[in-house]
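Chemist: Structure in structure tokens, see below.
The values are calculated or read from the model by the stated rules, or taken from the named source; none is laboratory data. Predicted, not measured: the structure shown is a model, and the values here were computed from it. Backbone-built Cβ (ideal geometry, glycine too); neighbour counts: all protein chains shown. We work out accessible area using only protein heavy atoms, side chains counted, and drop any ligands, DNA or RNA first. Shrake-Rupley method; radii C 1.70, N 1.55, O 1.52, S 1.80 Å.
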Amino acid sequence: FPNNLALNNLTYQELLEKIDNIKYQFIVDDQDFNVLIRILNAAKISKSITILPKYNRDNIELPTIDVQNGFKLIMYSSGSTGQKRTPKIISEVMLLSNIKNATLIQNLSSLSKVFTVCSLNHTGGITTQSLPGLMCGAHVITDSFNVFNYSKKLKHDKITHSHLIPAYVEALIKKNIKLPNNVKLIMVGSDCVLSRHINYILGQNIPVIQLYGMTEAGPPVIYHMWNINDNTDVLLSVNEKEQVFLGSKCLCNFKIINNELYLKGDIIASDNWLATGDCVQIKNEWFVYEGRKIAGCKIIPKAH
């Protein structure tokens, strides 16, 4: 679709020209849509690329990978407070597998219009909707989140898909923001998704996918699709200070050993089982999060 809008005001033809002409960088400090262009540039010339986190960049270990040895996306997790963040290597196979999953579960197509307000310096902003949207010919619009104009942008640009972190949903709830009916789906993830987040979006007559993932796993890995008029009473069956529902479906192999979730598959940045460090149990068909293993299986605030 060379003449269709691709990324912000760029058509697909113009985007391809940008990909060709942007200067390759192994270490990227951009915080806007150029992050996506640089990733696609690195993929095209088969070199590795590192996306620096949005905050606390002085507390990271720089990668030592051979940049000429094929395309790899290197990113950083939010991490726990006080810990030095290490680079996580996302292979092309993992990235493409994740794009395929995200496209299918959201029913993304060339008719979709995606509004990305999550940080493009973390995997959620890149892999849940932005790259999947571009890979299927959708129009992807990126901007920083603003509680006062988010709904206006959704309506003005006729957005069909968007992705929010719980903190953004909290802001919308507090301001009692009404969302337009042109939105077909909103994803919520990257931190504990609570019952009030789900019920707020469903109350706007918009389906919502809650999701779980990590820099080195998905996202999404575990998810649940909530449709309008679904009964959400199950969310009230736990004390959300101690337990949080993650979802009902897992997109890879999993096992739980000593209360810790292990993951394996194409969307995992490891050939072996990945120990997530998350305490998870299965309650009926639900994956239930009980906190970080290093915190004694207690839920602690996430560092962004």
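Chemist: Across segment 254-264, what is the total count of residues that are open to solvent by 90 Å² or more (accessible area, probe 1.4 Å) and within 19 Å of the chain's Cα centre (by Cα)?
Modeler: 0
Chemist: Does Met225 meet the test of being closer than 30 Å to Leu108 by Cα, modelled with pLDDT of 95 or more, surrounded by 13 or more Cβ atoms within 10 Å (Cβ to Cβ) and within 21 Å of the chain's Cα centre (by Cα)?
Modeler: Considered against the rule, which asks whether it is closer than 30 Å to Leu108 by Cα, modelled with pLDDT of 95 or more, surrounded by 13 or more Cβ atoms within 10 Å (Cβ to Cβ) and within 21 Å of the chain's Cα centre (by Cα), Met225 comes out as yes.
Chemist: If a residue must be under 10 Å from the mean Cα position of the chain (by Cα) and part of a strand (DSSP E or B), how many such residues does segment 200-220 contain?
Modeler: Matching residues across segment 200-220 total 7.
Chemist: Could you check, for segment 123-133, whether at least one of its residues is open to solvent by 10 Å² or more (accessible area, probe 1.4 Å), touching a Ser or Thr at 6+ places or on another chain (Cβ under 6 Å) and in a loop (DSSP other than H, G, I, E, B)?
Modeler: Within segment 123-133, not a single residue is open to solvent by 10 Å² or more (accessible area, probe 1.4 Å), touching a Ser or Thr at 6+ places or on another chain (Cβ under 6 Å) and in a loop (DSSP other than H, G, I, E, B).
Chemist: Identify all residues within segment 164-199 that are under 13 Å from Thr116 (Cα atoms), open to solvent by 10 Å² or more (accessible area, probe 1.4 Å) and not in a loop (DSSP other than H, G, I, E, B); write none if there are none.
Modeler: Correct list: Tyr168 only.
Chemist: Are any of the residues in segment 73-95 open to solvent by less than 40 Å² (accessible area, probe 1.4 Å), in contact with a helix residue (DSSP H, G or I) (Cβ under 7 Å, 6 or more places away or on another chain), touching a residue at least 24 places away in the same chain (Cβ under 8 Å) and of a type in the set (D, E, K, R)?
Modeler: So far as segment 73-95 goes, yes, one or more of its residues are open to solvent by less than 40 Å² (accessible area, probe 1.4 Å), in contact with a helix residue (DSSP H, G or I) (Cβ under 7 Å, 6 or more places away or on another chain), touching a residue at least 24 places away in the same chain (Cβ under 8 Å) and of a type in the set (D, E, K, R).
Chemist: Shifting gears a bit: Given (1) surrounded by 20 or more Cβ atoms within 10 Å (Cβ to Cβ); (2) hydrophobic (A, V, I, L, M, F, W, C); (3) at pLDDT below 85, identify the lone condition not met by Ile65.
Modeler: So the condition that Ile65 fails would be (1).
Chemist: Given the conditions (1) modelled with pLDDT under 95; (2) open to solvent by 60 Å² or more (accessible area, probe 1.4 Å); (3) in a loop (DSSP other than H, G, I, E, B), report the number of the one that Glu240 does not fulfil.
Modeler: It fails just one condition, (2).
Chemist: Among Phe245, Phe254, Phe287, which is farther than 22 Å from His197 by Cβ and either part of a strand (DSSP E or B) or in contact with a Ser or Thr (Cβ under 7 Å, 6 or more places away or on another chain) (or both)?
Modeler: Details: Phe245 fails: farther than 22 Å from His197 by Cβ; Phe287 fails: farther than 22 Å from His197 by Cβ.
When all the criteria are applied, what remains is Phe254.
Chemist: Of all residues in segment 265-304 being β-branched (Val, Ile, Thr) and touching a residue at least 40 places away in the same chain (Cβ under 8 Å), which is most open to solvent (accessible area, probe 1.4 Å)?
Modeler: Ile294
Chemist: Does any residue of segment 135-148 turn out to be in a helix (DSSP H, G or I) and either over 29 Å from Gln13 (Cβ atoms) or open to solvent by less than 40 Å² (accessible area, probe 1.4 Å) (or both)?
Modeler: No, that holds for no residue.
Chemist: Scan segment 4-44 residue by residue and report those that are of a type in the set (Lys, Arg) and over 22 Å from Asp143 (Cβ atoms).
Modeler: Answer for segment 4-44, where residues must be of a type in the set (Lys, Arg) and over 22 Å from Asp143 (Cβ atoms): Lys23, Lys44.
Chemist: Of everything in segment 1-60, what is part of a helix (DSSP H, G or I), among the small types (Gly, Ala, Ser) and either open to solvent by less than 30 Å² (accessible area, probe 1.4 Å) or without any contact (Cβ under 8 Å) to a residue 24 or more places away in the chain (or both)? Give them in sequence order.
Modeler: Across segment 1-60, the qualifying residue is only Ala42.
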